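Structure first, then comments.
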Amino acid sequence: MLEGLLPEGVAVAELFGSVEGVELFPQEAEAVAGAVEKRRREFATVRLCARRALARLGVAPRPLAPGGSGPGWARRAPRWPDGVVGSMTHCAGYHAAAVAPVASVAALGVDGEPNEPVPEGVRELITLPEERPVLDRLGAARPGVHWDRLLFSAKESVYKAWFPLTGRWLDFDQCAITPDPERGTFTAVLKVPGPVVGGVRLDRLDGRWRVRHGLVVTAVLVPAPTSERAG
């Protein structure tokens, strides 16, 4: 699903379905000690993906325990090894991780969702007024894609790339998504001051998406400044 959505140099690992018996480091096991079995299995499987992706960068297995600060998702975000940026995602039947060296990538975010409509009432919470007519037109033209779910996934990927660069929350109404159905891309225009990367403030982020196997997958990548890549 993620292969081809992210450029060469980003290592990706995916698993369809969860895996039993994945060995966790003590710090990881402690983080889900009180969770139900389903949550523990998801937690372990997505970390198996992350370790496989890291191995492709030559990084030895190490704990990927939650250790962020801030609200909600930020506290659950894993601590990546020094010199690496990464992102994980999981939903029913799908687990994936993507990692890259900080020398080439400043931040990245990936998200996977079922290709299903969002629950009733959620669309109004996650969309801006200007996004809704676009979703309606796309839905009429290409009903095989649940565009409200794709938009939700895109905003999740944007947030995962945004937060490590800013340390700030980004709400659903602070980012406008425009999908391109022909190219399989989307743009995310920020409604608040964006992150500063290499001395340049970003007012938009670009991403890619794919719908296949009953899933919607999105990815956002922020390149490292040119001087860092050259170094």
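Please count how many residues of region 116-151 are under 25 Å from ARG204 (Cα atoms) and open to solvent by less than 50 Å² (accessible area, probe 1.4 Å). Within region 116-151, residues that are under 25 Å from ARG204 (Cα atoms) and open to solvent by less than 50 Å² (accessible area, probe 1.4 Å) number 16.
Being assigned to a loop (DSSP other than H, G, I, E, B), open to solvent by 10 Å² or more (accessible area, probe 1.4 Å) and basic (Lys, Arg) holds for only one residue in ARG62, ARG41, and it is ARG62. Taken over region 1-40, the criterion of being charged (D, E, K, R) and over 19 Å from LEU54 (Cα atoms) is satisfied by GLU20, GLU30, GLU37, LYS38, ARG39, ARG40. Highlighted here are the strands (runs of 3 or more DSSP E) found entirely within region 136-231 that include at least 2 residues which are in contact with an Asp or Glu (Cβ under 7 Å, 6 or more places away or on another chain): 175-180, 185-190, 215-223.
The values are calculated or read from the model by the stated rules, or taken from the named source; none is laboratory data. Owing to the predicted nature of the structure, the values given are computational and were not obtained by experimental measurement. Positions of Cβ are generated from backbone atoms using ideal geometry, with glycine treated the same way; all protein chains shown enter the neighbour counts. Quick note on the areas: whole protein, heavy atoms, side chains included, nothing else; ligands and nucleic acids left out. Shrake-Rupley method; radii C 1.70, N 1.55, O 1.52, S 1.80 Å.
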